[in-house]
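The values are calculated or read from the model by the stated rules, or taken from the named source; none is laboratory data. Just so you know, these numbers come straight off a predicted model, no measurement behind them. Please note: Cβ atoms are built from the backbone with ideal geometry, for glycine as well, and neighbour counts cover all protein chains shown.
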Amino acid sequence: MNKTSKTKERMSTDPKPAQKFIKFETGGRPYIEGKRCRSCAAVMTSEPLACPACGAREGYDSFRAAETGVLHAYSIVARSYPGVATPFVSAIVDLDDGLTLKGNLINIPPTPETITPGMKLRVTFDDALGRTDKEGGSYIAYFFEPAEQGA
Ligand SMILES: [Zn+2]
């Protein structure tokens, strides 16, 4: 969505990541950081004490997650908390490097006719739907959008 590559340090007033696994390049561009188990190579977004796949406590290597993937499953959400616009599409996406993430699918009509499991998606980053911290600072969150759109 925002493809301008600014080469500046992040300021304390810059948006904060809405999830711990959203990291920022030196230039400020966000990306998703995955963790890979050193024992079995299972991938995840957190670092549990013991790997949930193999039980090992060998630790994890960080990697920059793929920004493309396919839609695994979705749900069109028709009701939510006050202030949350509906309908929106909650999606489970299998990224191309094995990471599976849940997030909102945007830039597509929220209808079963337009959304197909297996469709190619890409990760995009944007303001976290107006969420702010106590000081009014904004958050940046990840979303998914159709890979063909605006390419
Ligand atoms: Zn493991």
So, in the stretch 20-34, of the ones that are out of contact with any Phe, Trp or Tyr (no Cβ under 7 Å at 6 or more places or on another chain) and in a strand (DSSP E or B), which residue ends up modelled with the lowest pLDDT? Phe24
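Residues are listed down the side, and each one gets a yes or a no for (1) part of a loop (DSSP other than H, G, I, E, B); (2) over 17 Å from Ala141 (Cβ atoms); (3) within 15 Å of the ligand (Cβ to nearest atom):
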site: Thr13; (1), (2), (3): yes, yes, no
site: Arg36; (1), (2), (3): no, yes, yes
site: Ala50; (1), (2), (3): yes, yes, yes
site: Cys54; (1), (2), (3): yes, yes, yes
site: Asp61; (1), (2), (3): no, yes, yes
site: Ala66; (1), (2), (3): yes, yes, no
site: Tyr81; (1), (2), (3): yes, no, no
site: Ala85; (1), (2), (3): yes, no, no
site: Ile115; (1), (2), (3): yes, yes, no
I need the full set of residues from the stretch 44-55 which are exposed (fewer than 13 other Cβ atoms within 10 Å of the Cβ) and under 22 Å from Lys23 (Cβ atoms), in order please. Ser46, Pro48, Leu49, Pro52
Among the residues of the stretch 87-99, write down those that are over 17 Å from Gly118 (Cβ atoms) and at pLDDT below 95. Asp97
All but one of (1) exposed (fewer than 14 other Cβ atoms within 10 Å of the Cβ); (2) away from the ligand (no atom under 16 Å from the Cβ) hold for Ala41; state the number of the condition that does not hold. (2)
